[in-house]
Amino acid sequence: MTDTDRLADDRLAQDRLGGRGDDIYAALLAAHEGLAFEASAALNARLVLLLANAVGDVPLVLAAIGRARTAAPDQG
């Protein structure tokens, strides 16, 4: 693991939202309400790309993708 990877992992481990994380979760659920699976997946893809662009740190975004994939349940 490189120093850049360690720094990205450290940044991902920080809770930078505090109590507002629940607000974001609720807004995300509301945004998906009533959408078909395909539309919901497309919304997620657009959101990820928008946030990745806003973050602007490629190693951090790649580390987040890796962490999310590792945490995802095995779908076979």
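The values are calculated or read from the model by the stated rules, or taken from the named source; none is laboratory data. Here the structure is a predicted model, which means the values were calculated and not measured. All Cβ positions, even for glycine, are placed from backbone atoms using ideal geometry, and neighbour counts span all protein chains on display.
Given Leu12, Leu47, which one is at pLDDT 90 or above and surrounded by 10 or more Cβ atoms within 10 Å (Cβ to Cβ)? Spell out how you get there, then give the answer.
Numbers: Leu12 fails: at pLDDT 90 or above.
Going through Leu12, Leu47 in turn, the sole match is Leu47.
Specify the residue that is surrounded by the most Cβ atoms within 10 Å (Cβ to Cβ); the eligible residues are those in the stretch 32-41 that are of a type in the set (Gly, Ala, Ser) and assigned to a helix (DSSP H, G or I). Quick ask: steps written out before the conclusion?
Going residue by residue through the stretch 32-41, those that are of a type in the set (Gly, Ala, Ser) are 34, 36, 39-41.
Subsequent filtering for residues that are assigned to a helix (DSSP H, G or I) retains 39-41.
Details: Ala39: 11, Ser40: 14, Ala41: 12.
Looking at residues that are of a type in the set (Gly, Ala, Ser) and assigned to a helix (DSSP H, G or I), I get Ser40.
Being without any contact (Cβ under 8 Å) to a residue 24 or more places away in the chain, assigned to a helix (DSSP H, G or I) and in contact with an Asp or Glu (Cβ under 9 Å, 6 or more places away or on another chain) is the filter here; which residues of the stretch 2-31 pass it?
So the first thing to find is which residues in the stretch 2-31 are without any contact (Cβ under 8 Å) to a residue 24 or more places away in the chain, and the list is 2-3, 6, 10, 13-31.
After this cut, where a residue has to be assigned to a helix (DSSP H, G or I) as well, the list is 3, 6, 10, 13, 18-31.
The answer is Gly21, and nothing else.
Of all residues in the stretch 27-76, which are within 11 Å of the chain's Cα centre (by Cα) and either of a type in the set (D, E, K, R) or farther than 25 Å from Asp10 by Cα (or both)?
Within the stretch 27-76, Arg67, Arg69 meet the criteria.
Using beta carbons and a limit of 9 Å, which pairs, at least six apart or on different chains, have the first residue in the stretch 32-48 and more than 18 Å from Ala64 (Cα to Cα) and the second one surrounded by 10 or more Cβ atoms within 10 Å (Cβ to Cβ) and of a type in the set (S, T, N, Q)?
The qualifying pairs are His32/Ser40; His32/Asn44.
Could you grab me the full set of residues in the stretch 42-76 that are more than 16 Å from Arg6 (Cα to Cα) and outside any helix (DSSP H, G or I)?
Residues satisfying the conditions are Gly56, Ala72, Pro73, Asp74, Gln75, Gly76.
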